[in-house]
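The values are calculated or read from the model by the stated rules, or taken from the named source; none is laboratory data. This is a predicted model, so every value here is computed, not measured. Cβ coordinates were reconstructed from backbone atoms using ideal geometry, including for glycine residues, and neighbour counts include every protein chain displayed. The protein model used for the area step is the full one, side chains on, heavy atoms only, and it has no ligands, DNA or RNA in it. Shrake-Rupley method; radii C 1.70, N 1.55, O 1.52, S 1.80 Å.
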Amino acid sequence: MEQITYPWGHSRPFNAYSNHFKKLFGQRLQKLSVDAGFTCPNRDGTLSFGGCTFCDNAAFNPSYCRRFKDIRKQIDEGIEFHAWRYKHVSRYLVYFQAYSNTYAPLEVLKERYTQALSHPAVAGLVIGTRPDCVDEAKLDYLAELNQKHHIIVEYGIESCYDKTLERINRRHDFATTRRAIEQTVSRGLTTGGHIIFSLPGESEEMMLSEADILSNLGLHSLKFHQLLLVKGTKMVKDYEANPNDFDFMSFERYSDFIIRFLERLSPNIVIERFAGEVPPRFQAVNNWNLVRNEQVVATIEQKMKDRKTFQGRLFKQ
């Protein structure tokens with residue numbers, strides 16, 4: 001059977017992150033999460049307290065990633081943690097993951113980023129942050145770093161709708177997101193985004209329409225995340241008070257939805273992740289009976305091949 005090669009240079013029916021990095025660097029690069037001790041403006045009282053209604057970083061941080069350890073130690077322990085699984089990986093991207101990792105004075109950012117980049121096994125940084133936590137000076141500095149290292153700025157977009165952003169306590173609007181992404185892209189920085197599906201009040205058609213919006217922002221990559229209710233978060237209280245506003249998709253339905261979303265999405269956007277995972281002890285509502293990410297990817301990929309469809313098939317410039 002003839003094998004199709006898509007514009008992204010391989011036969012997988014979506015622009016896959018792992019293939020992209022192998023093509024870019026000639027090898028796999030593993031991410032190592034670190035907690036550099038940052039917080040968020042809607043946690044420390046600048047905008048509000050308590051953070052986004054869905055957020056509990058403890059549910060996502062790996063065991064070696066603890067803010068009481070210095071960054072170099074977290075990197076060393078992360079390398080050791082991943083060594084048994086990724087035996088042939090020799091280069092790493094340090095992922096500043098917990099909370100908003102540009103939310104500090106520039107001199108503080110320089111000190112913490114330099115700690116990570118000084119490690120001999122580190123090829124670059126992935127900096128997770130909020131769109132309202134960057135400015136011209138910080139982006140200019142990241143662009144300077146990008147001349148010698150691979151720098152990725154990853155924004156928590158979560159939703160393209162202001163009504164949703166208000167409900168989940170993001171404390172900024174989508175215009176802020178658009179502006180931050182455009183400013184980042186204009187400096188030649190690799191720019192990623194994170195979007196959550198099934199947020200309260202959003203219909204399936206609203207979520208599908210986000211493919212059109214996101215396709216035109218200049219993003220290089222996207223992570224998808226099904227809504228996961230984490231125990232103790234404010235969103236659990238919202239769910240208990242307004243259950244009809246929540247539409248949790250089954251795994252079967254979600255995989256079909258993602259395919260429809262990908263068909264409308266720009267083929268230039270690299271897909272980093274299809275779904276999120278939270279340890280069962282954190283879950284307030286069961287998440288697909290513990291379906292793992294590998295199975296999510298395999299199912300979506302096989303369905304796309306069976307249906308002879310691919311990312312960007314319905315994309316409109």
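Each row is one residue, and each column tells you yes or no for (1) more than 16 Å from Thr190 (Cβ to Cβ); (2) in a loop (DSSP other than H, G, I, E, B); (3) in contact with a Gly (Cβ under 8 Å, 6 or more places away or on another chain).
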{"site": "Val94", "(1), (2), (3)": "no, no, yes"}
{"site": "Ser100", "(1), (2), (3)": "yes, yes, yes"}
{"site": "Ala104", "(1), (2), (3)": "yes, yes, no"}
{"site": "His119", "(1), (2), (3)": "yes, yes, no"}
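Taking the stretch 238-294 on its own, how many of its residues are among the aliphatic types (A, V, I, L, M), surrounded by 16 or more Cβ atoms within 10 Å (Cβ to Cβ) and in contact with a Leu (Cβ under 8 Å, 6 or more places away or on another chain)? Step through it out loud before you land on a result.
Of the residues in the stretch 238-294, the ones among the aliphatic types (A, V, I, L, M) are 241, 249, 258-259, 262, 265, 269-271, 275, 278, 284-285, 290-291.
With the extra rule that they be surrounded by 16 or more Cβ atoms within 10 Å (Cβ to Cβ), the set shrinks to 249, 258-259, 262, 265, 269-271, 275, 278, 284.
Okay, now just the ones that are also in contact with a Leu (Cβ under 8 Å, 6 or more places away or on another chain), so 265, 269-271, 278, 284.
Adding up the residues that qualify gives 6.
Give me the strands (runs of 3 or more DSSP E) completely within the stretch 135-233, filtered to those with at least 1 residues that are closer than 20 Å to Tyr254 by Cα, open to solvent by 50 Å² or more (accessible area, probe 1.4 Å) and charged (D, E, K, R), ordered by residue number.
Values: elements: 150-158, 190-197, 221-226.
Strands (runs of 3 or more DSSP E) meeting the threshold: none at all.
Within the stretch 289-317, track down each residue that is β-branched (Val, Ile, Thr), farther than 15 Å from Asn15 by Cα, under 20 Å from the mean Cα position of the chain (by Cα) and assigned to a helix (DSSP H, G or I). Give the steps one after another, and end with the answer.
Within the stretch 289-317, the first condition is being β-branched (Val, Ile, Thr), and the residues that meet it are 291, 296-297, 299-300, 309.
Filter again for farther than 15 Å from Asn15 by Cα, leaving 291, 296, 299.
Subsequent filtering for residues that are under 20 Å from the mean Cα position of the chain (by Cα) retains 291, 296.
Of everything in the stretch 289-317, just one residue is β-branched (Val, Ile, Thr), farther than 15 Å from Asn15 by Cα, under 20 Å from the mean Cα position of the chain (by Cα) and assigned to a helix (DSSP H, G or I), namely Val296.
Examine the stretch 287-294 for a residue that is of a type outside the set (D, E, K, R) and farther than 21 Å from Cys55 by Cα, and state whether such a residue exists.
We begin by selecting, within the stretch 287-294, every residue of a type outside the set (D, E, K, R); these are 287-291, 293.
Next, only the ones that are farther than 21 Å from Cys55 by Cα stay: 289, 291.
Yes, some residue in the stretch 287-294 is of a type outside the set (D, E, K, R) and farther than 21 Å from Cys55 by Cα.
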